[in-house]
Structure formats: structure tokens, C-alpha cells
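A short write-up of the structure that comes next.
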Amino acid sequence: MGIGSTLMSLLTPIMERIAPYAPGEIFPSFFTIPLFQNAFIAALFVTVVAGYLGSFLMIRNLSLIGDGLAHVAFGAVAVGLVIGYVSPLWYALLFTIIASILIHEMQAREILTGDASIAIFMTGILALGLVILDIWGGGITGTVEGYLFGNILLVYGESFELIVVMSIFSIAFLGIFHPILLATAIDPISVQVQGIPVRAIGLLFSITTAAVVVSMVQFVGTLLVTALLVTPAATSQLVARSFRSCIIWTQIFGLTSTIIGIYISAETESGTGSTIALTSASIFLIVAITKAAIPLFRSEAYDQ
Amino acid sequence: MSNANKEGVTDSVLQVNNLTVARSGKIVIEGVNLDISEGEFVGLVGPNGSGKTTLLLTILGLLNPVPIMGGKVRVYGKEGFSKSDLGRIGWVPQAAANLPRHIRITVRELVRLGTLNLQNMFKISDSGRSERVDRALEMVGLVDEADTDVSKLSGGQLQRSVIARALASEADFLLLDEPLVGVDLASRNSLLKLLDNLCHDEQKTVLMVSHDLTTITQAAHRIIYLEGSVRFDGPSEQIPDFSSLAGLRGIQHVHEDKHSSHGHQN
């Protein structure tokens, strides 16, 4: 019916072919069992989008906005679980987009500095969700915990479709606006002088950020969104020498984290989100240590 | 493309009439009149807080004149920005302070950002943009550094790459804000020579803000001394001697600047 299921019908035969080569006892089922297949594909999709977006968040000095918006999304999920009617992800999307736009506007109008406006929305909506949950929540604490630490197997049906659509929308936006986003991060005045509507594009960027965060919350968890949003992009800064190579390295680090993380979590029954986050952080550490230890990584251009 | 450029050509690049601009409710510049013609290299000097940057931002259309005072800014004979004139002004910020050093980006990538505009922002095809980048790199003498990460550049090279970005937009009128800060003495001279060549050989017009009176009087054809309003506007040779300028300002240390500005900058 949706784009997601069409996509799965295309990818399933390929995945089944890879399955015999997948290592481990449980990991191969991510290539064969439909529920696991969905989860795996969604994870890869989200990793690619998060890394791409993260590359821009890094250069805009907005590394922590993902964390802030994830908390907003979590509060909204709690509200959504209590009210019901549609998937809580829709509530998350609505609240997060509004928060993201308001944070952007507060920064643009210099009402509050970036960090402070993030902090206010993050705690405000989170608190709203927790209070509503305490009063009307009843026995749904277990479901909520899934969003806190992430549960890759929650990604099916409507959630899966939503994640795929948001990922495609986000990649398209970032791809089309790539040069402008880069130029704006470096020098917004020049871009404005060149006649480009910086403000409107900033607004679209906020909406995209919100959509990416919401698509991540379910599978890596509120607390660990930054692990895929910022860590791969930060790791790439250690090895890349151009923005283009930054983007490529970010994808390599991000996808490696996700695949290894899912493998380890499948085999050891650890939480998927936390294992991916740990893998991602470990890769950063390994690259940082390697860079410090091997002068070979250093550019010869230092003495210029 | 060259046709489009020729159409709007008038001798006057910038006309500022009786301009008054306020920032956060306080009048910063008042009754400023200016007329800059094509090919001029104008130095805009004045103490901190004298309104230099405010004037530049108003010319760029990022700040507005106080409405009731009737002040006007005309760029290439037109008030405000019309679409055909977008890109004719190039903004060159002070690289040392405004270019984020934490971004991994090569000189070529940076300069290419200057080629973006409303017409080509969604186009995948190159449409001559690479050529413009190459030409801009050539003009500022950074061809060999094209694939170097900007964080590895010296202060002078960094400023050159920011100038190249403005040139890549095919701007004819360059506005520079304190381009000499963080640039060592030798590079300073070649940077000024570059700007001079751009005016003479490429018919560019340059308006450059600096607080370094000594250096800028050696390079610019014309000096504007701004302090709330225009206190002096004329050829560099005729600039009043430093002590009388200091009298204008009511501040004594300008005279010291003359001797020590090279020393304490770097």
C-alpha cells in the first residue's frame, strides 16, 4: 500500500540473498523474518538521514538540538499515548515541528540564545508528557519506556511507513539545499546578499530536523538520538579534509555503528539503541586515539 | 550574461543621500551623503562605534534607514535590491573573525558557495560555475591552495579566499569589513595590491572598512572618515594630518597609531 511496503517488496529478495552470509545465530533473522527486515531497513534509512543532517548540525553549532527535540518528542509521545486515536508518532511530529520552529525563531530574533531556548522546550514538553502520564496514564508505563531507550521491533506498520516517508522527504530536502545550507552555516550575510531566502530555508531546515528526530526516537530512543545524529559527524571531522569527504565519512561511521550495533544486540540480547550508541562512541574513541597516535594522519600542510 | 550586466551600467555605483540609521533605538549615523563611482577604491575609516559597519549593512540592505528622515541608498541607480542587481554586490567579511574554523571545507568548496544565486540554487548542471570559481581563484592567487582545508591557511590566504568567494558571485562592487585584521604585514601589502588591481584591471569598485588609517591611506584612492557623520571625504593625499583628525575626534592616541599600528597588530 504505502511507499514503505513497496520498498520492502523490492528489498526483501536482496536481503534473503545476503542472509546466508550474515554472521551469528540471531542476526541472520534480520534478513529473513519480515518484522526484523522492516526494523533493519528502517534503521539503515534513519542512520543515513541522521548522519547527513548531523553533518549540517555540526557546522551550525547545533549539536544538542537533536537531544532537545528528542525530549520534546518523548513528552509528546506520552501525551499521544494517553489521548490515543492515532500513532503517538504523529503527536511527536506535531509537537517537535512546532518546538523546532519556535527555537529557530527565538534564535533568529535573538530573543534567547540557542541553548536556552532548546532547554526551555525540552523540559517544558517533557514535563507536560510526564504529568499527563502520571494523572491519566494508568498502566502504559512499559510502552513509554520503549520510546525512552528505543525498541527496534516497535518499528512496523504505520510507524514504518512514517519513518520511510520522513526519511525520503528529509534526504530530498538536504540534497536539494545542500550548498545553501553549507553556505548559510559559514556566512549567512553573504548568502542573503546573493539573494537567497535564508529565513525560509532555515524554517524548512527546522522542520526537517524535527522529522528526522521523530523518526529516530522509536528505534534508538529519546536518550540516545545524539549517538547517530552527532557522533558519526563528529568522528568524520577527525579524518576529513573537505565538507564532501565529511559527508561520506559520516555515512561510513554511521552505517558501521548501526550494523555492528544491531549484530551485537541481536547476539547478546542487549538493547539495540544503547548498543548502537555504544558502538558509535567506541568508533569515535578508536579514530581519535588512532589519529593522535599515528602522525601519518596529520596533514603535510601544517608547515605552510 | 554580459548583456544583462551591461544594461544597468551607470557611472555611479553607490549613492547615499542624507542617510540616518538607528540601531536599538539609538541613532548611529546621521545625515550621511556619499557618491562612489565605478573603479574607485574607497577606504572607510573611523573609530570603533563610529557607524562603519552600520553603513555597510545598510548598503547591503540588511538594515533600514530611519523611515521619517527620508534617507536613501541607491546601488547602481536603484533603490533597494532588484532581482537583476542581486549578486552585483559582494560582501567580504573579516575572515579572521567570521569564518568558522571548525568546518572542514576546502578553498574551492568555499569559493564555489559564492556562485549560488536564486537562478541556479536548484540546478544540478554546472552552468559555468566551475569556470567562475577557477577565475576567482586565479584573480586572488590561490590556485595552488584550491584543495587545501581552509583551517590550514594563513590569515592572508584565508582573507583572499573570502574575497574570491565574493568575486565568484561576479560581484562588481565589493564591500570589505576590516579585511586586514589577523593578516601579517607582508600579506597585508599584497592584499591591498590585489584590491588595487581589481579596481584598475577588472573595473571593480571597492569600499573597504578599516581602522588602520596608515595602511589604508597608502592603498585607497579616496578616504572617507566617518564618525556618526562624514567628517572627511577626499583623496588620500589630502587627508588632514593625524593630529587634526584626532582633534576632530577629541581623542589623542591616533597619533600613536600612526607609528605603532604595524607593531601591535601581529
Q) When you look at the Cβ of every residue in B:88-95, what mean number of other chain Cβ atoms sits within 10 Å? A) 3
Q: Please work out whether the range A:1-143 counts as rounded, prolate or oblate from its C-alpha gyration tensor, where a ≥ b ≥ c are the square roots of the eigenvalues and a/c under 1.5 means rounded, while otherwise a/b larger than b/c means prolate and anything else oblate?
A: oblate
Q: May I ask for the longest run of chain A untouched by GluC sites (Glu not before Pro) that are loop-located per DSSP and have at most 14 neighbouring C-beta atoms (other than their own) within 10 Å?
A: A:111-268
Q: Calculate, axis by axis, the spread of Cα positions in the protein assembly as shown along the three principal axes, and write the results as whole Å, longest axis first.
A: 85, 54, 48
Q: Set Lys and Arg Cβ to +1 and Asp and Glu Cβ to -1, take the dipole of the protein assembly as shown about its Cα centre, and tell me which of B:SER190, A:ILE83, B:SER130 lies farthest positive.
A: A:ILE83
Q: List, in the order given, every pair from B:LYS123/B:LYS193; B:LYS26/B:LYS78; B:LYS152/B:LYS193; B:LYS52/B:LYS204 whose Cα-Cα distance in the structure shown is over 31 Å.
A: B:LYS123/B:LYS193
Q | Inter-chain shielding of A:239-249 (mean C-beta neighbours from other protein chains, 10 Å cut-off) | A | 4
Q) With labels modelled as points extended 7 Å from the Cα through the Cβ direction, what inter-label distance (nm, one decimal) is found for B:SER12 paired with A:ILE111? A) 4.2
Q. Once every DSSP H run of n ≥ 4 in the protein assembly as shown is given -39500 (n - 2.57) and the sum is divided by its residues, what mean residue ellipticity at 222 nm do you get, rounded to the nearest 500 deg cm²/dmol?
A. -19000 deg cm²/dmol
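So how strong a dipole does the protein assembly as shown carry about its Cα centre when Lys and Arg Cβ are +1 and Asp and Glu Cβ are -1, to the nearest 20 debye?
It comes to approximately 320 debye.
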Q) Does chain A classify as rounded, prolate or oblate by the C-alpha gyration tensor (a ≥ b ≥ c root eigenvalues; a/c under 1.5 gives rounded; else a/b over b/c gives prolate, otherwise oblate)? A) oblate
Q) So what are the three principal axis dimensions of the range A:53-222 from its Cα atoms, in whole Å, longest to shortest? A) 56, 33, 23
Q | Among A:GLY150, A:LEU112, A:ALA227 - extreme Cα towards positive end, dipole of the protein assembly as shown, charges at beta-carbon | A | A:LEU112
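Which of rounded, prolate or oblate describes the range A:181-304 when judged by the alpha-carbon gyration tensor and an a/c cut-off of 1.5?
oblate
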Q | Cα-based Rg and Dmax for the range A:230-293, where Dmax is the largest Cα-Cα distance (Å) | A | 12.2, 39
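Throughout, read-outs are computed from the coordinates displayed, never taken from laboratory work. Just so you know, these numbers come straight off a predicted model, no measurement behind them. Reconstructed Cβ throughout: ideal geometry from the backbone, glycine too, with neighbour counts over all protein chains shown.
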